[in-house]
Each structure stands twice: as C-alpha cells, then as structure tokens.
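The values are calculated or read from the model by the stated rules, or taken from the named source; none is laboratory data. Everything numeric in this text was worked out from a predicted model, so none of it was measured. In this analysis, Cβ positions are derived from the backbone assuming ideal geometry, glycine residues included, and neighbour counts consider all displayed protein chains. Areas reflect the complete protein model, heavy atoms only, side chains present, ligands, DNA and RNA absent. Shrake-Rupley method; radii C 1.70, N 1.55, O 1.52, S 1.80 Å.
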Amino acid sequence: MLDDVDLLVCGAGPAGCVVAERAASVLGWKVLVIDQRNHVAGNCYDSFHSSGVMVHNYGPHYFRTNDADLLAYLSRFTDWVPATYEVRSSVGGRLYPFPINLTTIERYFGVDLDPAAAERLLDSRREVFPAPANSEEFVRGRVGRELYEAFYLNYTRKQWGRHPRELAPGVCGRIPVRLDRDHRYVGHRYQVMPRAGFTALFRRMLRHRKIRVVLDCPFREVQNLVRPRRATVYTGPVDDYFGRRFGPLPYRSLRFDLVPHHTRFVQPCVQINYPNDFRYTRSVEIKHVTGQTHPHTVVSYETPTAAGDPYYPVPAADSAAMYNRYRDLADRETTRRRVHFCGRLAQYRYFNTDEVIQEALSCFQRIRRECGDRVPSASSAAVSA
Ligand code: UDP
C-alpha cells in the first residue's frame with residue numbers, strides 16, 4: 001500500500017499535468033501521477049522521427065487561446081514560437097483555403113467578389129433552419145447545400161463514421177466561415193507553439209520535487225494500492241472507470257501513417273484536407289508550425305477508425321444520453337470518494353488544448369475549495385497563486 005500520497009492523478013495528459021503541478025506548487029501536496037502509456041503529454045505528445053524531424057504523434061495540436069492569463073501560466077514552462085495554422089481543402093483536384101473564406105467562395109464559383117457580394121451569394125444559397133438540430137442543418141443554413149456537400153459532408157462521414165445529420169451542430173459549427181481573406185484556421189488572439197514542443201512543456205510542468213510520475217501503469221493496477229489523503233483526479237475514459245456498466249461510450253480513434261521526405265517541405269501549408277478522396281481525412285506536415293529548421297520533413301496521413309485508443313468523444317444525441325448516466329455516477333463518486341473527473345475522455349467533451357487546461361485549473365480550484373482552502377472562484381486565480 002502506497003500511503004504517502006495526497007493526490008493521485010490518473011493520466012499524464014494536459015489535464016493531469018496541470019492539476020498535479022498546481023497541487024504540488026500551490027498546496028505543497030505530494031502528487032503521484034500515473035499513465036498507462038510510456039510517455040507524458042497525452043495526445044499532445046510530440047517526438048522526433050528517426051529522420052530527426054519533430055512530429056505530433058497523435059495528430060496536430062495547434063495551440064491557440066484568447067486568454068492572456070492562461071498563456072502566462074503556460075509560459076512558466078515553455079518559450080513560444082509564433083505560428084500560422086493554414087489549412088487547405090482539396091476539392092475536385094484543386095486546393096481551396098479552408099475554413100471557407102472570400103477566396104474559397106470566389107474560386108469555387110469562379111467569380112470575383114467583395115464581402116457584400118459574397119454575402120449576397122451565400123444568402124441566395126443558404127437554406128432556412130431557424131434552430132439547427134445537427135451539423136448538416138447548421139452548415140446548410142450557413143453556406144447552402146453545394147458547399148456543404150463539397151467541403152463538409154464526406155469529410156465528416158469519414159472522420160466520425162456518422163452522417164453530419166447525426167452529429168451535434170457544434171461539430172462542424174466549430175469551423176468558422178469568413179467573408180474576408182483571413183486564411184488562418186482559427187481566429188484566436190494568441191496562436192503560438194511551444195518552442196521545444198508539447199512533451200517538453202508537460203515534462204517541465206511535472207518536474208517538481210513533490211510530483212512522482214509512474215508510466216506504463218494502468219489505473220486498475222494502482223486503484224486499490226494507493227489511498228490518496230486528499231483526492232483523486234481521473235482523466236481516462238469515464239465509461240472505463242465504471243466498468244462500462246451502461247455500455248461502451250462511442251469514441252473515434254485515428255491511425256497515423258508517417259511518410260518522411262528528403263526535402264525541406266512538400267506541402268504548401270501545414271494541413272491539407274481531403275473531404276472527397278482517399279480513406280484518410282488529412283495530411284499534416286507539422287514542421288510548418290513547430291519552427292524547426294531541418295533539411296528533411298515528415299507528412300502524417302490520418303485515417304479515422306472505430307477501434308483503437310479513444311481520441312474523440314462523439315458529440316451525438318445517443319452518446320450524450322449515455323454519457324449523462326455516467327456523469328451522474330461520476331458526480332456521486334466525486335461526493336463520496338473525492339474522485340474528480342477531468343478532461344476530454346473523463347468529461348466526454350470535445351475540448352481543445354487550451355480549453356482542457358482551463359478545465360483542469362477549474363478542477364484544481366474545486367479540489368482546493370473542498371479541502372477548506374478558500375480562494376476566489378475566477379479561474380485566473382488558480383494560476384496567480
Ligand atoms: N470538417 C469538415 N471538413 C473539413 C474539416 C472539418 O467537414 O475539411 C468537420 C468535421 O466534422 C470535423 C469538424 O469539422 O470533425 C471539426 O474540424 P476540426 O478541424 O476542428 O477537427 P479536429 O482538428 O479537432 O479533428
């Protein structure tokens with residue numbers, strides 16, 4: 001029995017690292033972090049391919065946030081390089097800026113437009129869905145059927161193994177549509193990448209004399225061996241925690257095929273989407289944004305799969321209903337046993353990296369309050385201590 005632990009953190013991904021770091025640094029707690037993988041950083045993990053090129057092993061992570069406090073907090077553990085995340089979509093053999101912007105609309109319809117004319121053009125094609133109930137309605141209401149079918153329908157089917165009509169509006173709705181020539185993937189105020197990579201950032205976060213990290217260690221193996229004095233933070237799949245008693249929650253997984261090239265760059269931008277061709281959804285040449293200088297490059301081809309490590313919760317009505325049942329159990333577990341569920345898999349939510357860090361800071365605040373140490377509720381207070 002391992003008794004000299006205040007906080008047990010299951011999962012060394014972004015959520016687990018942040019709660020562990022806060023508990024150790026702010027409260028001086030002894031923290032044990034375990035992970036079933038052989039590395040930290042969760043799906044943000046990056047590493048050096050045998051060619052020496054840095055790759056994102058579990059798909060691209062384009063760091064962005066509007067929150068200056070969050071950025072300041074992470075800056076304690078990394079320097080940054082500025083990054084421009086530029087994505088194009090390959091439709092009918094041509095590359096278009098994606099998200100759809102003024103240039104995309106011009107090229108697709110073969111006309112010159114200003115923003116007002118583009119708005120009129122979209123207006124003539126939009127369909128009316130006063131309260132879009134799913135991703136299909138959302139996109140057709142925004143850009144009309146033709147652009148929906150060219151850019152969204154088949155990509156989404158490949159990515160999720162479901163029709164957009166079965167997915168929540170926010171799945172496709174998280175992609176903006178712009179009537180200017182902004183060619184960036186996202187519009188956030190801060191778009192930066194950790195200079196030495198995400199793995200280095202999270203390793204640094206865990207480098208604390210009160211934090212012990214054990215890798216290759218599944219939760220089940222320590223669950224009954226460790227009795228943390230204060231709390232447990234669980235960041236794994238919520239259905240696994242409860243023995244899948246209501247059935248397995250659906251997750252989407254990915255396969256990555258890495259192809260090295262003896263040239264500096266092969267793509268014109270970091271990511272090309274292939275909505276209508278191939279089994280893979282996108283090719284990612286992450287070197288465009290890591291800031292690395294290297295004579296070679298590596299392109300990663302992403303093929304979605306149903307089996308494999310859980311990467312994405314599936315935002316749909318059936319999965320939400322099942323998750324709600326698990327969440328009730330999770331809430332009870334928090335009250336009864338001080339087990340806190342945090343992160344993409346534990347909360348079954350499609351968080352971005354900045355959002356999951358924000359969640360982890362809030363989780364830390366809740367744990368801290370429960371332990372009688374009162375602090376202001378704003379999440380920024382979690383990082384100012
Ligand atoms: N999507 C699409 N066409 C694209 C890119 C995205 O239809 O070319 C849809 C798809 O359903 C995808 C969702 O928009 O899952 C969100 O895309 P994002 O690039 O944000 O996905 P992530 O990088 O999180 O996999």
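Listed by chain and number, the lysines placed with their C-alpha closer than 28 angstrom to that of Lys158 are Lys287; residues fewer than eight positions away on the same chain are left out. Counting only Cβ charges, +1 for Lys and Arg and -1 for Asp and Glu, the dipole size of the range 87-173 around its Cα centre is about 340 debye. Projecting the Cα atoms of Thr156, Ala168, Tyr274 onto the dipole axis of the range 145-278, where Lys and Arg carry +1 and Asp and Glu carry -1 at the beta carbon, places Ala168 farthest toward the positive end. Springs join every pair of Cα atoms under 10 Å in this Gaussian network model of the chain, and among Cys363, Cys342, Cys217 the largest mean-square fluctuation is at Cys217.
Evaluated over the Cα positions of the range 1-135, the convex hull gives a direction-averaged projected area, one quarter of its surface, of 15.3 nm². Note on the chain: with charges restricted to the Cβ of Lys and Arg (+1) and Asp and Glu (-1), its dipole about the Cα centre is near 880 debye.
At 1.4 Å probe size, with every protein chain present, just tell me what the per residue accessible area of the chain comes to in Å².
Working: 17050 Å² over 385 residues.
In whole numbers, the chain has 44 Å² accessible per residue.
Gyration tensor over the Cα atoms of the chain: the corresponding equivalent ellipsoid has semi-axes (square roots of 5 times the eigenvalues, largest first) of 38, 24, 20 Å. DSSP beta bridges fully contained in the chain are about 60 percent antiparallel.
Computed from phi, the 3J(HN,Hα) profile of the range 44-53 under the Karplus parametrisation 6.51, -1.76, 1.60 (θ = phi - 60°) reads 7, 3, 10, 7, 9, 4, 4, 6, x, 7 Hz, with x in place of Gly and Pro.
So in the chain, which Cys have no other cysteine's beta-carbon sitting under 4.7 angstrom from theirs? Taking the Cβ cut-off of 4.7 Å, the unpaired cysteines of the chain are Cys10, Cys17, Cys44, Cys172, Cys217, Cys269, Cys371.
Eigenvalues of the alpha-carbon gyration tensor of the range 87-173, scaled by 5 and square-rooted, set the equivalent ellipsoid semi-axes at 22, 17, 9 angstrom, largest first.
Apolar share of the accessible surface for the chain: 47 percent from carbon plus sulfur atoms, 1.4 Å probe. Pairs of Cα atoms nearer than 8 Å and 6+ residues apart set the relative contact order; for the range 87-173 it is 23 percent. Amide H contacts of Val81: Met193, Arg195, each under 5 Å away and 5 or more positions distant or on a separate chain (H built 1.01 Å from N in the peptide plane; Pro and chain starts excluded). For Asp331, the solvent-accessible surface with a 1.4 Å probe is about 80 Å², rounded to the nearest 10. Estimated from helical segments only, the mean residue ellipticity of the chain at 222 nm is -9500 deg cm²/dmol, where each DSSP H run of four or more residues counts as -39500 (n - 2.57).
For the pair the range 276-298 and the range 1-61, the centres of their Cα atoms are 25 angstrom apart. Across q = 0.09, 0.13, 0.14 Å⁻¹, the range 196-329 modelled as identical point scatterers on its alpha-carbon atoms has Debye log10 I(q)/I(0) values of -0.46, -0.88, -0.97, in the order of the q list.
Using alpha carbons only, how many degrees (0 to 90, rounded to 10) separate the axis of helix 115-125 from the longest principal axis of the chain? Once rounded, one gets 90 degrees. Report, ordered by chain and residue number, the lysines lying within cross-link reach of Lys30, taken as a straight Cα distance under 30 Å and ignoring same-chain residues fewer than 8 apart. Those lysines meeting the cut-off are Lys210.
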